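Shown next, in structure tokens, is the structure this report addresses.
The values are calculated or read from the model by the stated rules, or taken from the named source; none is laboratory data. On a predicted model such as this, the values are computed, not experimentally measured, just so you know. Every residue, glycine among them, receives a Cβ derived from its backbone with ideal geometry; neighbour counts consider all protein chains shown. Note: areas computed on protein heavy atoms with side chains; ligands, DNA, RNA excluded. Shrake-Rupley method; radii C 1.70, N 1.55, O 1.52, S 1.80 Å.
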Amino acid sequence: AKAQGQHGYRFFTASMNERARAQRRIETGLRQALPGNQLKLHYQPKVDAHSGRIVGAEALLRWQLNGRDLYKPDQFIPVAEDSGLILPIGAWVLRQACRQARMWQQAGHEIPISVNVSPLQFQHADFYTWLDDVLEEAGLESRLLELELTERMVMSGGEATTGLLQRIKHRGVRLSLDDFGTGYCSLSYLKHFPIDALKIDRMFVRDIISDHDTATITSAIIAMARSLNKDVIAEGVETREQGSFLRHAGCSQLQGFLYGMPMPASELQKLLAEPVSA
Ligand code: C2E
Ligand code: CA
Ligand code: CA
Ligand code: CA
């Protein structure tokens with residue numbers, strides 16, 4: 001039993017070392033990514049659940065070399081968070097996304113842009129000032145910006161967080177809760193926070209057609225959120241059946257591969273210029 005234990009321990013440390021090495025490799029590369037112009041934003045359309053029109057877009061970060069992804073966000077964003085690199089990277093993302101939304105507006109396509117905010121950015125003492133500066137510099141009206149926060153970020157900070165959320169809200173920026181249902185935010189808390197919208201997590205959407213309980217829970221979340229006057233957006237919609245279920249359950253906007261993959265800004269602009277097809 002002892003030998004087995006030792007073996008298990010060695011195995012454990014070997015894989016830990018490998019993980020740590022992979023993290024360091026990503027971190028070293030990531031330091032060069034911003035100055036080396038390897039970071040890009042892709043934009044995924046959000047459509048109106050009823051008309052199918054594009055009514056928004058989420059900015060999603062890509063790390064690319066010669067047009068190919070080096071790592072997926074799920075691999076490098078956690079490293080960026082642990083190393084603090086998410087601060088300069090997140091600043092770049094927000095600036096870039098706001099400039100893009102302004103350019104679309106000038107081209108006659110007025111759609112709000114949604115930007116993912118990491119906990120480290122949000123906790124930073126200068127977050128508000130910096131947000132304000134970015135909007136000013138981009139010349140973007142605040143109603144054309146939406147920040148996607150997670151339940152944890154909103155729940156964990158106490159009064160300081162509520163105060164910050166209120167300032168952002170008063171500035172006119174929209175706030176939405178991402179990955180809703182995966183954290184520990186109870187719906188009853190929602191009324192205390194100045195949140196405009198909830199994004200139903202992809203995990204729910206994936207199972208709504210095949211699993212009766214998931215369908216029931218999702219419908220209940222949507223109904224309660226709406227009774228608190230929150231918009232509900234579903235993410236990860238891949239099939240027509242899912243889309244139709246979510247529309248009938250009361251989602252106002254839908255997002256997912258069914259309506260459009262994350263794509264370069266130029267491609268989304270082409271879609272924005274097209275007439276809506278049924
Ligand atoms: P998220 O905010 O939940 O973003 C949605 C993710 O689901 C994106 O993955 C998107 O490509 C993917 N997705 C969209 N529609 C579908 C669908 O129909 N089916 C499936 N299977 N997936 C779909 P992506 O781009 O790989 O990003 C992963 C996560 O990385 C994001 O999850 C977000 O948490 C984080 N992230 C991405 N960009 C940024 C950023 O600029 N800043 C921060 N802090 N986090 C980011
Ligand atoms: Ca998001
Ligand atoms: Ca999400
Ligand atoms: Ca997610």
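Observations
- Number of residues in region 235-278 that are in contact (Cβ under 8 Å) with a residue 40 or more places away in the chain, of a type in the set (Gly, Ala, Ser) and within 16 Å of ligand 2 (Cβ to nearest atom): the value is 2.
- Boolean, Arg167 is of a type in the set (Lys, Arg), within 16 Å of ligand 1 (Cβ to nearest atom) and part of a helix (DSSP H, G or I): no
- Leading residue by the ranking (nearest to ligand 3 (Cβ to nearest atom)) among those in region 95-106 that are touching a residue at least 40 places away in the same chain (Cβ under 8 Å) and open to solvent by less than 50 Å² (accessible area, probe 1.4 Å): Ala97
- Exclusive hit being within 16 Å of ligand 2 (Cβ to nearest atom) and either among the acidic types (Asp, Glu) or loosely packed, with under 15 Cβ neighbours inside 10 Å (or both), set Lys46, Lys72: Lys72
- Matching residues in region 170-199 - criterion: being within 15 Å of ligand 1 (Cβ to nearest atom) and open to solvent by 70 Å² or more (accessible area, probe 1.4 Å): Thr182
- Filtered residue count, region 200-253, keeping only those that are away from ligand 4 (no atom under 16 Å from the Cβ), open to solvent by less than 20 Å² (accessible area, probe 1.4 Å), of a type outside the set (Val, Ile, Thr) and assigned to a strand (DSSP E or B): 0
- If you go through region 175-199 and pick out every residue that is within 16 Å of ligand 2 (Cβ to nearest atom), among the hydroxyl-bearing types (Ser, Thr, Tyr) and outside any strand (DSSP E or B), you end up with 1.
- Some residue of region 114-125 being of a type outside the set (S, T, N, Q), under 15 Å from Gly56 (Cα atoms), within 16 Å of ligand 4 (Cβ to nearest atom) and open to solvent by less than 60 Å² (accessible area, probe 1.4 Å): yes
- In region 73-94, the residues that are in contact (Cβ under 8 Å) with a residue 24 or more places away in the chain reach residues that are of a type outside the set (A, V, I, L, M, F, W, C) and open to solvent by 40 Å² or more (accessible area, probe 1.4 Å) with C-beta atoms within less than 7 angstrom, at least six apart or across chains, in these pairs: Val79/Gln23; Val79/Glu27; Ser83/Glu27; Leu85/Arg31; Leu87/His124.
- Hey, Leu61 more than 26 Å from Leu144 (Cβ to Cβ) and either within 16 Å of ligand 4 (Cβ to nearest atom) or surrounded by fewer than 18 Cβ atoms within 10 Å (Cβ to Cβ) (or both) or not: no
- Restricting region 180-189 to residues that are more than 17 Å from Glu146 (Cβ to Cβ) and touching a Leu at 6+ places or on another chain (Cβ under 8 Å) leaves a set whose member that is nearest to ligand 4 (Cβ to nearest atom) is Cys185.
- Members of region 135-169 found to be crowded, with 20+ Cβ neighbours inside 10 Å, among the β-branched types (Val, Ile, Thr) and away from ligand 3 (no atom under 16 Å from the Cβ), listed by number: Ile168
- Pairs with Cβ under 8 Å, 6+ apart, first in region 112-133 and of a type in the set (Asp, Glu), second away from ligand 1 (no atom under 13 Å from the Cβ): Asp132/Arg171
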